[in-house]
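Structure first, commentary second.
The values are calculated or read from the model by the stated rules, or taken from the named source; none is laboratory data. Quick caveat, the model's predicted, so the values are computed rather than measured. Cβ coordinates were reconstructed from backbone atoms using ideal geometry, including for glycine residues, and neighbour counts include every protein chain displayed. Side chains are part of the model used for accessible areas, which takes the heavy atoms of the whole protein and leaves out ligands, DNA and RNA. Shrake-Rupley method; radii C 1.70, N 1.55, O 1.52, S 1.80 Å.
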Amino acid sequence: MTVNRRFVIRALIAAGVAAVLGVAAVIGYLLVVVSPNLPSLEAVTDYRPKIPLRIYTADKVLIGEFGEEHRDFVPIKQIPDMMKKTILAIEDTRFYEHGGIDWIRALGAARANLAGGFRQGASTITMQVARNFYLSREKVVSRKATEILLAYRIEGALSKDEILELYMNQIYLGQRSFGFSAAARTYFGKSLKDLSIAEIAMLAGLPKNPAHHNPISNPKRAKARQHVVLGRLRELNYISEAQYQQALHEPLRINSRGQEFEAHAEYVAELARLAVVAQYKDDAYSKGINVYTTIISADQDAAYESVRRNVIAYDQRHGYRGPEAYIDLPADEEAREDAIDEALGKRTSSDGLIPAMVLAASPTEVKVETIDGEQLAITGEGLKLAAPALSANAKPTFKLRPGAVIRVMRGEKKTWAITQVPKVAAAFAAIDAETGAYHAMVGGFDYTLQKFNHVTQAWRQPGSSIKPFIYSAAISKGFSPATLVLDEPIELPGGANGEPWRPQNDDNVFDGPITMRRSLAASKNVPSVRILRATGLDYAHGYLGKFGFDLAKHPKNYTMALGTGAVTPEQMVSAYAVFANGGYKVQPYLISRITDSKGTVLSETKPPAVAQDGNRVLDERNLFIMDSMLHEVTRTGTGAQATQRLGRNDIAGKTGTTSDAMDGWFAGYGGGIVGVAWMGYDEPKSLGGREFGATLSLPIWIDYMKVALAKRGPIERAAPEGVVQQDGDWMLEEYTSDPTVRGIDLDQAPAPEGEAAPGEETPAVPGTPAAPANPPATPPAQPATPAQ
């Protein structure tokens, strides 16, 4: 007994000495090896998170975010109490009690780890902050030792709230999202304050393993982890039993499409991004720069919806093109689902045009499975577009059958219909007439399908939408809206194969002598060519420069009157602003100010004072007359639909259709807003023999203006000094006694039957400019003959 007792005592002493020596060794290791190599705490004491570049509308709606990391920095006082409680409940219940290391929890973890390796973690919030800022997640002793010392140093340097603030803004939560605010927007499209308990619990389950518990890629595991979090909340009595049960059974709507914004302004956001990166280089993506554009969110939404709605309407007028692809559907159910998921996953998403797989098809019903796994039965009107593809005689490459990849959409009546992704392109731009500030910009049908911005980059023939600028040149030469112009066939040198060029009116109808006012309203081609010739080709060509057009892109020949040059929608909206604002040149601009992450203004563009004599490019008398003629277009001419549908008398503008209807335009203004709509194929081809600017682009313009003009009153102009009424219309006062501006080419009118032609016995109309024997320039061999 004595021997045994002595042995036990010695063993205990030895163990105690060994323990002391072990602790001393550990302490020595920490002090001698680890401590001198600890990094500076500057990263946490002077926290500067990588905050992405963000783009906003003028009314502070987020429309774009660019950066490697999605992160919102939210001060701890603004984080909802339930969010904080939930994080602490599952990650570090004793956070406000321990000094950086929870030794009680650590001992429990140690027992588990000694039983089978490093299986259980005991990391506190503070330790996780140390790891997130300085270390890897590798479970080795040296890393853990460093983590412990850093945790103590962080606790000594920061308050508990500051540590929790760092954690909640820095932690990685999957999908390139850092911090819980960014994760809330990424997974649920919400701000933290709008999250439900169920959603909070889902996010709180992510830090342990963001990939394993990702609700997008691993919904079952995410749900299981969420239940663990909710159970912990109930265990700690942070939520009631009723709240617990409600959260357990609450269906969650996970955003699987990636980050979404409150307004569709992708083309705007990209232009703003390019401008900021050009100025701030790579810092633009991480310094929390905020860009505030001039875009008005309601106007932008109206423009986006209008473009999409009218492009789809055009596309469906021209018939169904058939399925996007076909696959063979396997007989095995699991293999079948995998095949469907793979095929639909290859389809680029387009807002509202949902990829779907045909499961069964008949002339009266088509059953499909969408990319979201929903099965639909489409019947009745929903089959209208695709009816030819359901015919028994449909070609195999066109027919709807099981395995066909198609698109479906939900209509206004919430019923489903077969649709397709349009191939035609379109654009719309609207600016403030006085300042040039963009209110809306839609550069194409869908940014995800095509990044090319047609507003700023597409050079297209303007067709008849160029005519007002030719007519304005004529007004400056003394001609007036009452000037009679001969609308009869004309021949000019320069046609194809050595033949004369014979411009045509679109309807092939010639009305004889008509007024310039009627010629513009009806978009007559032949009278417009005669007006250009009478005005002077060189003069009219140079005159286009007043409005900001690139003269090198406009031919110096008579086809110029028919819009055979090249313009961008941005140029057109700027040019028409001159008519809208009283004769002043404006430069469209998009960015109003740029701030840093703290709101300090880095740069600012204040609305320019455009209405100054130095900016005037059009005489106010010419402007007044042209404004009245452009109003006529929208009252009685090719744009009459605008006044009828908007119910306003201050609407003015011009349609434009190029040769073979390859481009359709409408440019116009009202209430101080200028808008331009365009439609056409990127590889130019006819939009259809019965399509015009009035059917293609005018509806886009009208639908936008219904929203944009809702709170804007009409603008009326009084006649300025120097214009008078003569022959029932306005003209420049100094030309009232000049007979040469009363008519154009009237001496060339064909004589009535039985009478001699002018030039034989009948004298020419006094003062009427005659056709020059040798025109100063000839048109191209294949000129355009736009009508509207």
Could you say whether any residue in the stretch 259-269 is outside any helix (DSSP H, G or I), open to solvent by 50 Å² or more (accessible area, probe 1.4 Å) and either β-branched (V, I, T) or within 26 Å of H212 (Cα to Cα) (or both)? yes
Looking at the stretch 302-339, which of its residues are open to solvent by less than 30 Å² (accessible area, probe 1.4 Å) and without any contact (Cβ under 8 Å) to a residue 40 or more places away in the chain? A339
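Looking for something charged (D, E, K, R), modelled with pLDDT of 90 or more and surrounded by 15 or more Cβ atoms within 10 Å (Cβ to Cβ) - is there at least one such residue anywhere in the stretch 131-141? I'd like the intermediate steps shown before the answer.
Taking the stretch 131-141 and keeping what is charged (D, E, K, R), we get 131, 137-139.
Imposing the further condition that a residue be modelled with pLDDT of 90 or more reduces the set to none.
Checked against the condition, which is being charged (D, E, K, R), modelled with pLDDT of 90 or more and surrounded by 15 or more Cβ atoms within 10 Å (Cβ to Cβ), the stretch 131-141 yields no hits at all.
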Please go through the stretch 57-98 and give me each residue that is open to solvent by 40 Å² or more (accessible area, probe 1.4 Å), in a loop (DSSP other than H, G, I, E, B) and in contact with a helix residue (DSSP H, G or I) (Cβ under 6 Å, 6 or more places away or on another chain), ordered by number. D59, F73, Y96
For V578, are the conditions met, namely being buried (at least 23 other Cβ atoms within 10 Å of the Cβ), under 20 Å from K477 (Cβ atoms) and modelled with pLDDT of 95 or more? yes
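Specify which of the listed residues (I431, I470) is in contact with a His (Cβ under 7 Å, 6 or more places away or on another chain) and β-branched (V, I, T). Give the derivation first.
On the way: I470 fails: in contact with a His (Cβ under 7 Å, 6 or more places away or on another chain).
Just one listed residue meets the conditions, I431.
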Can you run down the residue pairs with Cβ atoms below 6 Å, 6 or more apart or on separate chains, where the first is in the stretch 213-227 and closer than 18 Å to A89 by Cβ and the partner is surrounded by fewer than 18 Cβ atoms within 10 Å (Cβ to Cβ) and among the charged types (D, E, K, R)? H213/R221
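Being open to solvent by 70 Å² or more (accessible area, probe 1.4 Å) and touching a Lys or Arg at 6+ places or on another chain (Cβ under 8 Å) is the requirement here; does K208 meet it? Step through it out loud before you land on a result.
Details: open to solvent by 70 Å² or more (accessible area, probe 1.4 Å): yes; touching a Lys or Arg at 6+ places or on another chain (Cβ under 8 Å): yes.
So K208 fits the description; yes.
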Of the residues in the stretch 231-251, how many are under 39 Å from the mean Cα position of the chain (by Cα) and surrounded by 17 or more Cβ atoms within 10 Å (Cβ to Cβ)? 1
Flagged pairs (Cβ under 6 angstrom, 6 or more apart or on separate chains; first in the stretch 637-648, under 15 Å from S519 (Cα atoms); second buried (at least 21 other Cβ atoms within 10 Å of the Cβ) and at pLDDT below 95) are T638/Q788
So, restricting to strands (runs of 3 or more DSSP E) that lie completely within the stretch 654-743, which ones have at least 2 residues that are crowded, with 21+ Cβ neighbours inside 10 Å and not small (G, A, S)? 663-670, 673-680, 729-732
In the stretch 274-317, residue nearest to V442 (Cα to Cα) [restricted to those that are assigned to a helix (DSSP H, G or I) and of a type in the set (V, I, T)]: V307
Qualifying positions in the stretch 515-544 - surrounded by fewer than 20 Cβ atoms within 10 Å (Cβ to Cβ) and either hydrophobic (A, V, I, L, M, F, W, C) or within 11 Å of A561 (Cβ to Cβ) (or both): L537
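Going by the structure shown, is V358 under 22 Å from the mean Cα position of the chain (by Cα), open to solvent by less than 10 Å² (accessible area, probe 1.4 Å) and modelled with pLDDT of 95 or more?
No; evaluated as a whole, the condition is false for this residue.
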Pairs only if they're at least six apart or on different chains, beta carbon under 7 angstrom, first in the stretch 95-112 and closer than 17 Å to A145 by Cα, second modelled with pLDDT under 65; list them, first residue then second. A109/Q120; A109/G121
